[in-house]
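J.: Below is the structure I would like to discuss, written out as structure tokens.
The values are calculated or read from the model by the stated rules, or taken from the named source; none is laboratory data. Because the structure is predicted, anything quoted here is derived from the model rather than measured. Cβ placement follows ideal geometry from the backbone for every residue including glycine, while neighbour counts extend to all protein chains displayed. Please note that ligands, DNA and RNA were not included when accessible areas were found on the heavy atoms of the full protein model with its side chains. Shrake-Rupley method; radii C 1.70, N 1.55, O 1.52, S 1.80 Å.
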There are 2 protein chains.
Amino acid sequence: MAEDHDPEAWRAAQARKKRIVDERVARATEDRGVLVVNTGNGKGKSTAGFGTVARALGHGFRVGVVQFIKGSFSTGEEAFFRRFPEVDYHVMGEGFTWETQDRERDVAAAEAAWQRAEAMLADDTLQLVLLDELNIVLDKGYLELDRVLAVLQARPRMQSVVVTGRRAPDALIEAADTVSWMKMVKHAFRAGVKAQKGVEL
Amino acid sequence: MAEDHDPEAWRAAQARKKRIVDERVARATEDRGVLVVNTGNGKGKSTAGFGTVARALGHGFRVGVVQFIKGSFSTGEEAFFRRFPEVDYHVMGEGFTWETQDRERDVAAAEAAWQRAEAMLADDTLQLVLLDELNIVLDKGYLELDRVLAVLQARPRMQSVVVTGRRAPDALIEAADTVSWMKMVKHAFRAGVKAQKGVEL
């Protein structure tokens, strides 16, 4: 950056950035829970969801978690967050759908998991609810989108929700406050490196 | 999906997916720590980094964390992860650079933080090291990229590292095993909603 060589210009640029941030903070006055969607084909969607759970626990909040796809790729976070009495943790019964290969059973499991999610989305003592991999279940048509959107919209005002999974439906993106698209640039696993415990597992 | 209406086709598609995944797992035989980079302008880069810390703790691992930018946006995760004796947590001394507006002081703080990171990157009892917002420090030229890359490459073989922050340098992306690009699709804060504790703070 050219500013690096001119302390005056650098300070002016920093002051300008600070002004922009300060103005945005001043304008952001609406105080309510937010609906966050992490989608895309890259790593980090669920991981960021679980990072948000950690952040909420740092504030002493109560958190609900429903994992809609129970795969072999979530052993670490489940072991970790189940330790905390302030986390209500539910895992959908079955494995990845291409492991079970039984659509009827998947639909029933999705329905049971959604019942748990609905109860959490009506509980105003939970400040955060993580609906991990819900997007996949919606994309596969295991749950009706309109029903899910109605429950999300009727949740307690101060409750925030994070929904993860690739292929988030357009209407969910529309309804969300914050949406991040995680794009895979490269992936160790595809380059022949074993999935590492504590990173991917 | 058309397959939804034809159970046979659906099962065949699922079996095909399972085969692809199984083959990839069989090919991924290299067992070593990975270098992960979370970059882009969207939310979730640091949050996914902290989610990875949670996952590692779930496996009983020891973790090092250096936060290179100490802003007001990381109070929750710091409060949370400092609780754990198995986490070595270091925060760089100063605030956001556009708050301090003193480049000399920022460079000195970056150097001090990097010293802590170097010690972690030589410690094979740490299975994971999170270098949060290191990309920003590199982008601003507060630390020399070649020096950082050399230390990353010389780290213990089974140690994984997650580097976060927007504008990851090209050479770091080149050196990484897994790279996710977080793209902002929309953001509650820009729409006038106050940053929510336990989600963004």
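J.: At a probe of 1.4 Å, how much accessible area disappears from chains B and A on forming the pair, both sides counted, to the nearest 100 Å²?
T.: Counting both chains, the buried surface is close to 7100 Å².
J.: In whole Hz, what ³J(HN,Hα) sequence does the range A:62-68 give by Karplus (6.51, -1.76, 1.60; θ = phi - 60°), x for Gly and Pro?
T.: 9, 9, x, 10, 10, 9, 7
J.: Rounding to the nearest 10 and keeping the result within 0 to 90°, find how far the Cα-based axis of helix B:103-120 lies from the longest principal axis of chain B.
T.: Once rounded, the angle reads 60 degrees.
J.: Taking springs between alpha-carbon atoms closer than 10 angstrom, which of A:Ala122, A:Ala13, A:Ala150 fluctuates most in the Gaussian network model of chain A?
T.: Maximum among the listed residues: A:Ala13.
J.: Mind listing the long-range amide H neighbours of A:Leu130? Cut-off is under 5 Å, sequence gap 5 or more, other chains count too, H placed in the peptide plane at 1.01 Å from N.
T.: For A:Leu130, the qualifying residues are A:Gly64, A:Val65, A:Val66, A:Val162.
J.: Separate question: Once every DSSP H run of n ≥ 4 in chain B is given -39500 (n - 2.57) and the sum is divided by its residues, what mean residue ellipticity at 222 nm do you get, rounded to the nearest 500 deg cm²/dmol?
T.: -12500 deg cm²/dmol
J.: Now a separate question. Taking amide H positions as placed 1.01 Å from N in the peptide plane, with prolines and chain starts having none, which residues 5 or more places from A:Arg32, or on another chain, fall under 5 Å of its amide H?
T.: Close amide H contacts, sequence-distant or interchain: B:Lys194.
J.: Shortest first and in nm to one decimal, what separations exist between B:Ala15 and its copies in the other chains, measuring from label points 7 Å along the Cα-to-beta-carbon line?
T.: 7.2
J.: I've got another one for you. Would you mind checking A:Lys70/A:Lys197; B:Lys18/B:Lys183; A:Lys43/B:Lys197; B:Lys43/B:Lys197; A:Lys70/B:Lys186 for any pair whose Cα atoms are more than 26 angstrom apart?
T.: Cα-Cα > 26 Å for B:Lys18/B:Lys183; A:Lys70/B:Lys186; rest within.
J.: For peptide B:35-43, compute the average count of partner chain beta-carbon atoms within 10 Å of each residue's beta-carbon.
T.: 5
J.: Have a look at the DSSP beta bridges in the protein assembly as shown and tell me what percent are antiparallel, nearest 5.
T.: 15
J.: Please name which of B:Phe189, B:Ala175, B:Val161 has its Cα lying farthest along the dipole of the range B:137-201 towards the positive end, using unit charges on Cβ (Lys, Arg +1; Asp, Glu -1) and the Cα centre as origin.
T.: After comparing all options, I get B:Phe189.
J.: Then there is this: Could you state the accessible area per residue of chain A in Å², with a 1.4 Å probe and every protein chain left in place?
T.: 43
J.: In a GNM of chain A with a 10 Å cut-off on Cα contacts, which of A:Glu104, A:Glu133, A:Glu118 has the highest mean-square fluctuation?
T.: A:Glu104
J.: I need the calculated FRET efficiency for the pair A:Arg166 and A:Val25, taking r as the beta carbon distance and R₀ as 41 Å, to the nearest 0.05.
T.: Approximately 0.80, to the nearest 0.05.
J.: Here is a follow-up. For a quick protection proxy, order the peptides B:80-87, B:193-200, A:162-169 by their average other-Cβ count within 10 Å, most packed first.
T.: So the peptides B:80-87, B:193-200, A:162-169, ranked by packing, come out A:162-169, B:193-200, B:80-87.
J.: Given H placed 1.01 Å from N in the peptide plane, which residues other than close sequence neighbours of B:Val91 have an amide H under 5 Å from its amide H?
T.: B:Gln67
J.: Rank A:Val66, A:Val91, A:Val129 by mean-square fluctuation in a GNM of chain A with C-alpha springs under 10 angstrom and give only the top-ranked residue.
T.: Residue with maximal mean-square fluctuation among A:Val66, A:Val91, A:Val129: A:Val91.
J.: Continuing with this model, one more query. Taking a ≥ b ≥ c as the square roots of the eigenvalues of the Cα gyration tensor of the range A:33-191, is the shape rounded (a/c under 1.5), prolate (a/b larger than b/c) or oblate?
T.: Note, shape of the range A:33-191 comes out rounded.
J.: Taking only Cα atoms, what is the 0 to 90° angle, nearest 10, from helix B:7-27's long axis to the longest principal axis of chain B?
T.: 50
J.: With a 1.4 Å probe and all protein chains left in place, how much of the accessible area of the range B:33-191 comes from carbon and sulfur atoms, in whole percent?
T.: 50
J.: Can you pull the mean other chain C-beta count within 10 Å for peptide B:171-177?
T.: 2
J.: Something else: How big is the dipole moment of chain A about its Cα centre under a simple scheme where the beta carbon of each Lys and Arg is +1, that of each Asp and Glu is -1, and everything else is neutral? Debye, nearest 20, please.
T.: Charge dipole, chain A, about its Cα centre: 600 debye, nearest 20.
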